[in-house]
Amino acid sequence: MKKRLYVAVIVVTVVALAAGIAYVSGTHAAASVASAGPASSSAAAAQMTYSSDSMGIWVSGEGKVTAVPDVAVLTLGVEAQAATVEEAMDEAAVAMNRVIDSLHSNGVAEKDIKTQWFNVYPITQWVDVRSPISSWADDEDYEVLTGYEVTNTVTVKIRNIDAAGDIIDDVARAGGDLTRINGVSFTVDDPSVCEDEARDLAVADARAKAQQLARAAGVSLGRAFYISESGGYYPTYWDYGVELRGGEAYAATPISPGETEVTLTVQMAFEIQ
């Protein structure tokens, strides 16, 4: 009887210990789940918010404003060739000083004249050296240095756009045969006013499209939760690509700035209510 009693007590004790361990483990597991619960809920809520934001009405809008340019930008300079670097640089410097003086005399401010590039290049040519006693297969070509070329180019802002043609003519005469006029572009000195107006038009265009889509789908349009902008102002460019020679009788160079467009595009997304 005593042995059986001892065995029964031992069995009851083991069962109690097992139950206690299971209770403690369950308590810890519940505590872990409880502590992780808010974070998991936040993550799920964030994921749901992101998904709901992504599921909206996405549209693009364009705003376009026409403006009359008030500044002409000339790209011009001189190009000189000579047997030595020193001679080429001296010729280019004399011609460029005359061009700058011409610009100043026509009312162009020093701040509106900017050097774009200055280059010194060797001038070479290939010479065919053929010996009368050698076979055709032995003939060789040699590259021979013949001189140097110096190029000095500036960009010039002409704020009196009506005088652009006369200034081009005067510069060509001042620089003579070394004058190079590469092109002229027309721009708006302060495009911010036109950009603001184009931006308002682009947003209004996008909102109108979104409202139309919402009506067609039988839903209500909510707030805008995304917007981005692209585009902007681009000046009108005319490429002259000519070499004007000095000493010639020039007809007046016609310059017409015309009109330019400021275009902005926006992409917007709206919630669906």
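Within the stretch 184-224, the set of residues being exposed (fewer than 15 other Cβ atoms within 10 Å of the Cβ) and either under 27 Å from the mean Cα position of the chain (by Cα) or assigned by TED's automatic domain parsing to the domain that holds Glu91 (or both) comprises Asp189, Asp190, Ser192, Val193, Asp196, Asp200, Ala204.
Screening the stretch 130-153 for residues that are more than 21 Å from Ala82 (Cβ to Cβ) and aliphatic (A, V, I, L, M) and picking the one that is modelled with the lowest pLDDT gives Ala137.
Is it the case that Val262 is in contact with a Cys (Cβ under 7 Å, 6 or more places away or on another chain) and either modelled with pLDDT under 95 or closer than 30 Å to Ile167 by Cβ (or both)? Against the criterion (in contact with a Cys (Cβ under 7 Å, 6 or more places away or on another chain) and either modelled with pLDDT under 95 or closer than 30 Å to Ile167 by Cβ (or both)), Val262 qualifies. Might you let me know whether the stretch 231-252 holds any residue that is of a type in the set (Gly, Ala, Ser), more than 28 Å from Asp166 (Cβ to Cβ) and modelled with pLDDT under 95? Checking the stretch 231-252: at least one residue is of a type in the set (Gly, Ala, Ser), more than 28 Å from Asp166 (Cβ to Cβ) and modelled with pLDDT under 95.
The values are calculated or read from the model by the stated rules, or taken from the named source; none is laboratory data. A quick note: this is a predicted structure, and the numbers were derived from the prediction, not measured. Positions of Cβ are generated from backbone atoms using ideal geometry, with glycine treated the same way; all protein chains shown enter the neighbour counts.
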